[in-house]
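Okay, so here's the structure we're looking at.
Here, each number is a calculation from the coordinates, and none is a lab measurement. Computed from a predicted structure; not experimentally measured. Cβ coordinates were reconstructed from backbone atoms using ideal geometry, including for glycine residues, and neighbour counts include every protein chain displayed.
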Amino acid sequence: MTFSILAGLFLVTLIAVIFYGYGFIMKSAQPADEGGTERCTICRGKFDKGQLIERQIGDSKLMYFCKTCIVRLYNDATKA
């Protein structure tokens, strides 16, 4: 009888630890709210969404470009 009580206590403790660990992992996996900022796809700089040009590729991929990167791309394209 002592063995079954200890086994049950162990299982309850194990399940509690698993749920606690799962909750901890899920909380740390969520990105912090940055207040409407995004990163430029090319230079990876942080900008407000209003300063970036947004382009959608396909159904779900969004790309953001800052003014500096757009000017650089334009200059590279017109040099040829």
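What the table shows:
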read-out: Cα gyration tensor category, rounded, prolate or oblate, for the range 32-80 with a/c compared to 1.5; value: oblate
read-out: Taking Phe19, Phe47 and counting other C-beta atoms within 10 Å, the order from fewest to most; value: Phe19, Phe47
read-out: Note, ³J(HN,Hα) from phi for the range 69-74, Karplus 6.51, -1.76, 1.60, rounded to Hz, x at Gly and Pro; value: 5, 5, 5, 4, 5, 5
read-out: Ranked list, fewest to most other Cβ atoms within 10 Å of each Cβ, for Tyr20, Tyr64; value: Tyr20, Tyr64
